[in-house]
Structures are given as C-alpha cells and as structure tokens.
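Accompanying notes for the structure given below.
The values are calculated or read from the model by the stated rules, or taken from the named source; none is laboratory data. What you see is a predicted model, and the numbers here were worked out from it, not measured in a lab. So basically every Cβ, Gly included, is an ideal-geometry build from the backbone, and we count neighbours across all protein chains shown.
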Amino acid sequence: MQGLQDPRNFTGSHGQVHPAFCRFRVPEQSPAGSRECLYPGLAANLALPGTRARFRAAATLCTQRASRRSCAAGRGQSLDENLGHPRGSKQPPAPGTRSAALYVHWPYCEKRCNYCNFNKYIPRTLDEGAMQKCLVKETTTLLKLSGVQRIDSVFFGGGTPSLASPHTVASVLETIAQTTHLPAKAEVTLEANPTSSQASRLTAFQGAGINRLSIGIQSLDNKELQLLGRTHSVSDALGTLEEARRVYPGRTSVDLMFGLPAQQVEPWLRQLQELLSLCDDHISLYQLTLERGTLLFAQVQQGTLPSPDPEAAAEMYQHGREILREAGFRQYEVSNFARNEALSTHNWTYWQGGQYIGVGPGAHGRFVPRGDGGSLREARIQTLEPDNWMKEVSMFGHGTRKRVSLSELELLEEVLALGLRTDTGITHQHWLQFEPQLSLWDVFGKAEEVRELQSQGLLLLDHRGLRCSWEGLAVLDTVLLRLLLQLQNAWENRPPPMLKVTESGAASQREDSR
Amino acid sequence: MLARVGAGPRRRWAWAARAALSGTCGPWPSPRRPGEDGAFRVTPARSSSASERTEKLDMSKFPVENIRNFGIIAHVDHGKSTLADRLLELTGTIAKTDHNKQVLDKLQVERERGITVKAQTASLFYNYGGKLYLLNLIDTPGHVDFNYEVSRSLSACQGVLLVVDANEGIQAQTVANFFLAFEAQLSIIPVINKIDLKNADPERVEKQIEKMFDIPGGECIKISAKLGTNTEKVLQAVIERIAPPKVSRKSPLKALVFDSNFDQYRGVIANVALFDGVVSKGDKIVSAHTQKTYEVNEVGILSPDEKLTQKLYAGQVGYLIAGMKDVTEAQIGDTLYLHKQPVEPLPGFKSAKPMVFAGMYPIDQSEYNNLKSAIEKLTLNDSSVTVHRDSSLALGAGWRLGFLGLLHMEVFNQRLEQEYNASVILTTPTVPYKAILSSAKLIKEYREKEITIINPSQFPDKSKVTEYLEPIILGTIITPNEYTGKIMTLCLNRRAVQKNMVFIDQNRVMLKYLFPLNEIVVDFYDSLKSLSSGYASFDYEDAGYQTADLVKMDILLNGNPVEELVTIVHKEKAYPIGKAICERLKDTIPRQLFEIAIQAAIGSKIIARETVKPYRKNVLAKCYGGDITRKMKLLKRQAEGKKRMRKVGNIEVPKDAFIKVLKRQPDK
C-alpha cells in the first residue's frame, strides 16, 4: 500500500519496475529496469514514433534555462510569437480556436490537506499504468475534438502531480506532441509538493519535459504547516526550493498562504521577507478561503479554531504586495507576482479568455469542439471520481461528464471577470477580438456606476482599455458585480443584429445567442 | 329512533365533519401531515352524508323543556376537548374508540397548539329519567383573542362547564372565561378535570374556585375526562342545573348567527341558535345587519357532521344555508329573521375590531398571486381579519393585516403555512395609535379631530397634535408566588401599571396590570413563560386608549432616511429599540467600498449608531481553469442579488436586511 502512494517506489526498493509500467512499456524494455530507466534515458526507450529526437534533446539540454526542444514539424513558428505570451509579446492572445492551453489533473494525494476542497483522492491502491493510459487516451481524444493546431502550454495540477511518475508525465507530453504541435518553448509546469520532490525526481521530471515548477510551500512556519495539514516541514520546503532553482533556474514558482486562523500580520510579513530572499522569479500569495467540507472549515465552525480575521488578511495582502513591488516584482494578477518577465503563460491564457483543454478526473475545459464541427465554445467538466473517469475513458475515449455551450454573453462575462484580474486588464483590441460590435466604450463608457468606480480610484477606462487600479484589484469582486450588471444591461440594449464579417471574410447574420 | 339516526354516520363522521366544518374543504389543498391521524388520510367526501341528509329528522319532537344549550370553557390544555370527546361518546354521537382525541378540534393548528380556534357544535341525544334530551354542545374558541366569538357562542347557551385542571388550578384564561360566562348570566358548572394525575389536588382547586368565583365547593364535579371517570355525572348536571332556553316557537323567527363557515360549493354555512320561531327550507330570511334577503336552501343539525332536518325550532341549534356568497354576509352576532316579520335584533353585535397589525409579504414576489388567493380563502372563514393592500420599497407588494390579537395572528400565519403551503414575511406587529389633531389644516384634511394611525408614515408631527394615544389592555397574570418578583419587574419594564394583586390560594397569585398593547405584542408572552418556567398564565382584555409620549424614529444610512424602517415608539423605549435595529442592520448590510453609518434618529437627534467598515480586500484569491465556472456562478448569483438590492443613497441594502429588521423576531 505504502509503495503505491509513493511513486518513488514504482521501481521498488528492490529495483523492480512496477508491473503496470512494464506492461505499458514496449516489450524490449528490461523488466529489471533500474531507476535510471525512469529518467532521461527513458525517453530513448519509449518506442513512440517521432518523439525520440525531441526527448533525447530534452535530456541533454535539461539544465539549460529554457527547454530547447527542436520543433518537430517546424511549422507555426511565426504564430508562436503571437501567442499572447506576456514574455516579450505585445499582442494579446487571440480568442481563436487554433491553439489552446492544456491542463492535466492528477487526482491523487498522499494525505488530505486541512484547507483543500479540490478534487483529490487518497488512493488505497493505485494502478498508475491504467491511469497513465487513460490520461494519454483522453488527451488524444480531446485534442482531436478541439481541432487545435498547437498547444501553447501544459500544466500538471492536482492533487499532487509530483506524486505521479515522470514516465506518466512524459507519455502525456509525448501524446500532445504527437497529436498536435507542442512548440519547444511551450511552458510545461508541474505542481510539486516538497515531500515528493527530491532532487533526483525533479531532474527526472525535467527529463520528462517539465520546464517550470510550482512548489506548494504555503508557509515558513512549522506550526502553520501543521495547522494546514501539510506533510512537509519548513526545511523540506526550503530544500526543495533550493533544488528546484538549480534544476529549473528562473522557472520556479512558490506559493505562500496568508489569512490563516490566528495568523498575525508582522510574523507573516517576516515569512514573506524570508521567502523573498530565497525564491526565484515567481511568487503566488493566496489568501486562505475556508471551504465547506474541509477540516479547517469544520474546526472554525465548531469554534476550536478562531475564524480568520479579514482585516488582518487585508493588511497582509496590502503590505505583502508593497514588499514585492519594492523587490521588483510585477503584480500581474490578483495573487501572482513575477520579476524578470517570469509570468506564467499558462495561467495568463486563462485570464485572457484563451482556450484550454482539461484532461483527467474533474478537469475543466473551455474550447470549441471544432473537430466535431462545433462553433461555440463549451465549458466542459470531466467525471470527478478517478475510477469512474477511467472507466469512461476506456469506453468512450474521454470522461467528459458535462458540456455546456457558452453563449456570446457568457463568454464576454468570463473575458471581463478574468481579464480584470490582471494588471493590464482588458485592452480594446483584446475585447474587440471577442466582441467586434460592442466596444468597451459602448459597454462601460457612459455607465454611472463605472464613473463612480473611476472617481473612487478603483477602475480605469482609457485609451488602453479597462483595468483595475492597484487599490481596485484588492476589491475586484465588488467592482466586478457592477461591471457584470452593466455588461448584461448593455448586451440587452445592444443595437439590432447587423452584418458581421467572419474570419473567412464572408458576411453573415450575427447570431443572437439569447 | 332518533338515537339510532344520531349514531348512524359514526364510522366516517370524523373526516366528513372535518370537511364540513374546518373550512379546509373545497378544491384547494389542505396539506395534512401524513400519518398525523389515520382517519384523516381519506379524502373527505360529502357523498357519505347524502343518505342521511335525505332522511330528514323531525326536530318538532324536541320540546324546549327537553333542550339544553351549553358550552365548555377552560384554560388551554385543561381538557376541554377531551371532555367533549367523552360526552360525544357517552351519547353515542361518535363511536367509543381509542382514536377520539380532540375530535372537535379539526385544524392542524388546533391540535398542535391544543387550542380551539373555530367554534364547533354538536347536538347530542341523551336519554335521562325516561326522557330523550337534545343537548347542544357549543364548543367555544378558547382564547380571549376570540373573546367576541366566545361571547356570541355563549349567548346561545344557558350554561357552561367551567373546566379546571386539578393539578394546575385556576389560570388566567379560567378567570377571563368565568367572567364572560358570569356576565352573560349563565349557569356555571365547575368541573375539576384530570383527577387521575399523580399531582392532582382537587380539594385545593375546589377552594380556589370557591374563593375566586364564589361557587360552593360541593358544586364541583371531579372527573377524569381521559379515563371517563364521572363524565356521566357531567351530562346529568347539564340537564339538572342548566335551564332550558327561554324561547317561543310561536313568535316570529329570531336566530343568532354564532359562527359561519364557507363551502366552495354551497356558499356560507351559518351556525345558528334559534331564540324564537321556526325555520325551514324555502323560508325567506333577512340579515338584520346587512338587510339582505335570502332564501333558505337547507337546514339541519350538527351531530357533529351536518344532518338535514325538516325544520329547526326555537331553542335548537343547527346550521342554515341560504345562498350567502361571503362570510361577511353572515357575521358573527348577526340576527336573522323572516322576511316581512322583522324582530328586535339580539343585543351585543359588533364588527370585529383588529388590535394588532402586521405587514404580510410573499418571500418572493412571484408568489404574490398565490398568497393573495390563500389569504382570500382563509379570510372567507375568518371575517375578523382585516386586509389592506400595502407595499414596501424593500419587501414589494403585500398587505397590512389586522388581527384580533397575537394568537389570532399566529394562528392565521400558521394556517397559511400549513393549509396553503404559503411562506410569508410577517413584519413586527404594530398597534393602532391615535392622535388628537390640533392643526386646523390637518383636521380639514382628515375630516376629524381624532385619527387612527396604522402606518408609521402617517404619523403626524408633534406640532400638529394635542396628544397621542395608544391602546391599552388589562392583563391578568396568574403565577406561583415564587415568580411574582420577576414578573413584576418584567411588567415594569413593559410600562405596565399594577391594578390588583390577589392570592388565589396559599401559593398562587393573580396580578392585574394595565399594559400598553404595543408592549405585549412582541415577545411578552414568551418572556413571561420563560421566566416562570412555563407556570405563569396570561390573558388580556381591551381597556381603551391612554395618552402616550410617542415619537417617530427614523433609521438613517449615511444620513439618508430609510422609509420602510420608520417606527413609532414610546419615547422611553426609543434608545433600546433604535439600538437593536442598528445592530441588526449592521449584521446584515454587507460591507461596501465605503464606510456606512447606521443611525437611529428622532428628529435631528441621533440616538444610536453602528458602523459598517469598508471592504479592504474582496477578491477571490485563486481563479484558474477549474475555478472559473464556480467563480462565474458565484458572481452571477451575487449580481442577481445586487439587482434586488434596495439603494439608499449609494448604499446597497439587501432585502434580507429589511426582513431581519422588520420581521417578527424569534422570541427570546
């Protein structure tokens, strides 16, 4: 049992490869494969056509700052530059349907954290081979369904994806590269838990194609880590951070939580300062939200823990972001800070209303099923429970449990709600890509509520577009309600349908989605 | 033979009677809790009584001297309904089974609360001393809120059974009911019930009765209605001690309407007691109150289900259907007489006068029409509820309802919920204040000097009035002596003035206080019950109006008055009430982007203040692919809620905040 919870043991302490792994592998794979067979060398053993070269390259160049995998087909080079990467790109991402980000959900954890209500399971038995097969299968199916020509970024989240074997990660990436185009410089992030990320594994993941690591440090106080139910200690976290920076220099992110029960402002700011002296170019600050169904929620309900003080949390947030600003970090999103242009392009895609494909139990997606002849973007959710999901994937090729077509207005609402989370907000060009008929000025230019927000110094609407001020970002949810209502209002009163030029250049009646 | 007929419909009488009498019949649903009572699961149907109805009883065989009309009066839970059950069984009116529990209390609310809301009537046939007697049991409502109904019911009686619990002794309602009967000059037969209880002390109760009511101890009948002990003696006492009605068959018809019900198909069913004359199908009758003429379609007795008779004769009690479309056409206390044979109306008629007002609003405005029809249907059977349309910026369209008293209000609300499945917002009850105007302009406007203020927005400014008046009541409290101190403090806090204090025995005290009505409409009864561990009982009667130092209190949000929160308060009570409202608002008004000052003010003077601090941070920390759906859902729900918020200045106030302030508070 224990071995199954810890992927490190898939090769077994006796040097045995997990049988599932062997089944998955090509027959020539030695059954007594050593540890190394999981690592870069593994790539060479994978008999997946057309991928060897890439992985061999990855293996040899893994210590370089950015992965320089060769472009398998050499196409789309110029498109790559227009992806809306914040890094060096002036263009917002196109809301087109040619490309997407891809999210892979690894649903398993060693232990339930006291604050987490994500879709995760503590497996008693885990057939990683089967899981891997299903992830691969669903990736293929959904990629084909989406009809995308390119995947701009991949994110392995969870759960605790660092518990998965690098082999599983590699095979998903292989599948993507095989099915569509995965540019060499595409950001490929893995969420990592300090206890399951010792040096050798970090290197192995790099070999599998990971080029960015996001470490859930959460706190630099052992008592707080205990309160949160984390399995790691402060020294585990710092060790992992150090190792990660060595393997993924400039591409390591850390998470720090604030607003915990009984947490004080000053000590937390000291934690942040300490982390600042150790971290790389990316930090996420997350305020604890007490979620129903978590132990912390229950403890606060029962009164065994004090409920977090919103005033203190607000103060931590304000001071925290000031400290980060002074340290040269750009707050490019409500909770995310980067310096040296180390923004996460994957998450940026979400906030800019880009397409994304969700693979794995409970994963969410937003894409147009072009491969199926669809033209409207769909919100998709995969089956939550891993065993059921696996059954469905085996039977149907995917475990999509729910798909809802987003109306034009709903898509615009998402664009608005997500875009305003970023520091650049929503530029005019960006908005017009989603809604050519109704500009930001048309929607918000004359609204009394918007003028009020502007006079309060919370919101800006100018030649660049619509965005929150530094102060406004902290109260975005309140600001958003007014803007959403204004958008709904403007949508209802928009001018009657008129001729609209489609991508192909043909004029067609605008479809009323109401 | 008559007895046989009387026993005829036993098997099914319970549900048929419920259908006939409870007012819940008709096509609209009356939700009954499944399993509440097996007998009630059957859908009521009138067809069962059709055969009996065709077999018309000849009531001429009951001469006046063989008739007794009597009621049962008692404090809540002293066993009035159980005694009625036994009397029905003894006379063969209903079969003797273990299931006869409060058979005359047919409403769910009556059974749950152990009270009688609607008077019910049963004609009992009893053989005594070789004669067949017709005993008409008129079961009166058991609370002074229904004082008027009680007094009308009693006016159809010549005597009452005054039931007192052998354990609890005389309670406040016992006293109130006794005086009602006493003033009506009825024969009073004291019945000490529950003598089977372990702590029963009938001798002590006998002494209380002697001391309080001046009835010799020997006259009390000690019974256990539950076990049937001595209940036969009660029937005999009814015959021996209560006089037959003094009436004349030969005189023209004079009938008292003492209750009425509405039936979807047959219209109004009036319960009548004949003082003189005879009535039969086809007679043309006139209502003394409305002067409208009707033709009688049906007459009969209630046994307790309807049984057709050929006629009803002087001294008898029964029902009458005469094409009345609305219960207001058969008002309680009205007199009916034959067309072209007018008689002097019976004394004591008055229209119901509401004493407690409350706003009633649907929780969701889309429910307005459903609630409207539910209220209409319920008031069809209860003409004492006054209904005025009202509307509030915060709560939408609704009504201002007037009730006879607090219990009446609660019962009405409970019946709406239970019988019509309606959920409503009921606002804090208010009382009708009065103002004596001094401003000539206002007097001209109102066309009178004394005006009644039901809505606080009509409250005239102090400069334009000579004085304000508030309704007062005379409250009777009976309590074990050990709680007297606490109760006196409670009364003092409620601005009450003590009028009387009597020991009714060694350890029980009766206190009489004059209370401003508005001091007892909110949570007085519950406070009294909780500080006396449930032992003190309370009852009250109308005591007119008295001068009061009333002020209008505004609630301000950042200086802007909130129209729906204007309250009329006694000057002495302004601070605690204002503070409580501010606190409740503080708890329900969400933080906004700026600070909100919540103030209670009298004129320009601020008497209480609370502050809602502005948001410093309000943004969901995490929002990635998987969270977007959830986040959008949440935002949209909030946006929907925001649409429904009421803006006071630039402050958004959710409906909940108003509800929380305006709604009747759960009693502490």
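Of the helices (runs of 4 or more DSSP H) lying entirely inside region A:394-478, those carrying at least 1 residues that are under 29 Å from A:PRO496 (Cβ atoms) and under 26 Å from the mean Cα position of the chain (by Cα) are A:408-419, A:428-434. The condition of being under 18 Å from A:GLN132 (Cα atoms), at pLDDT below 95 and crowded, with 24+ Cβ neighbours inside 10 Å holds for only one of A:GLY209, A:GLY159, that being A:GLY159. Only one residue in A:VAL136, A:VAL148, A:VAL154 is modelled with pLDDT of 95 or more and part of a loop (DSSP other than H, G, I, E, B). Which one? Exactly one residue qualifies, and that residue is A:VAL148. B:ILE195 satisfies every condition listed in (1) buried (at least 23 other Cβ atoms within 10 Å of the Cβ); (2) modelled with pLDDT of 95 or more except (1). Selection of region A:96-115 for residues being buried (at least 19 other Cβ atoms within 10 Å of the Cβ) and modelled with pLDDT under 90 yields only A:THR97. A:GLY250 satisfies every condition listed in (1) over 22 Å from A:PRO194 (Cα atoms); (2) away from chain B (no Cβ under 14 Å); (3) within 21 Å of the chain's Cα centre (by Cα) except (1).
Only a single item in (1) of a type in the set (Ser, Thr, Tyr); (2) in contact with a Ser or Thr (Cβ under 9 Å, 6 or more places away or on another chain); (3) modelled with pLDDT under 85 is not met by B:SER391, and it is number (2). Checking each residue in region B:265-322 for being part of a loop (DSSP other than H, G, I, E, B), closer than 23 Å to B:PHE125 by Cβ and within 24 Å of the chain's Cα centre (by Cα) picks out B:PRO304, B:ASP305.
Yes/no matrix, rows are residues, columns are (1) touching a residue at least 12 places away in the same chain (Cβ under 8 Å); (2) of a type in the set (Lys, Arg):
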position: B:GLU564; (1), (2): yes, no
position: B:HIS570; (1), (2): yes, no
position: B:ILE581; (1), (2): yes, no
position: B:VAL612; (1), (2): yes, no
position: B:TYR624; (1), (2): no, no
position: B:ARG630; (1), (2): no, yes
position: B:ILE651; (1), (2): yes, no
position: B:LYS660; (1), (2): yes, yes
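Evaluated against (1) away from every other protein chain (no Cβ under 14 Å); (2) surrounded by fewer than 19 Cβ atoms within 10 Å (Cβ to Cβ), A:GLU452 falls short on exactly one condition, (1). Looking across region A:185-202 at every residue that is in a helix (DSSP H, G or I) and not aliphatic (A, V, I, L, M), the one that is surrounded by the most Cβ atoms within 10 Å (Cβ to Cβ) is identified as A:PRO194. Taking the residues in region B:155-174 that are in a loop (DSSP other than H, G, I, E, B) and at negative phi as candidates, determine which candidate is modelled with the lowest pLDDT. Among them, the one singled out is B:ALA156.
Restricting region B:523-576 to residues that are polar (S, T, N, Q) and crowded, with 17+ Cβ neighbours inside 10 Å leaves a set whose member that is nearest to the chain's Cα centre (by Cα) is B:SER537.
One line per residue, one yes/no per condition, for (1) assigned by the TED database to the domain that holds B:ALA496; (2) in contact with a Lys or Arg (Cβ under 8 Å, 6 or more places away or on another chain):
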residue	(1), (2)
B:LEU517	yes, no
B:VAL521	yes, no
B:PHE524	yes, yes
B:TYR535	yes, no
B:ALA543	yes, no
B:LEU557	no, no
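Number of residues in region A:363-376 that are buried (at least 23 other Cβ atoms within 10 Å of the Cβ) and modelled with pLDDT under 95 equals 0.
Exactly one residue among A:LEU384, A:LEU376 is out of contact with any Phe, Trp or Tyr (no Cβ under 9 Å at 6 or more places or on another chain), part of a loop (DSSP other than H, G, I, E, B) and closer than 23 Å to A:LYS133 by Cα, and that residue is A:LEU384. Checking B:THR379, B:THR466, B:THR484 one by one, the residue that is part of a helix (DSSP H, G or I), modelled with pLDDT of 90 or more and of a type in the set (Val, Ile, Thr) is B:THR484 and no other.
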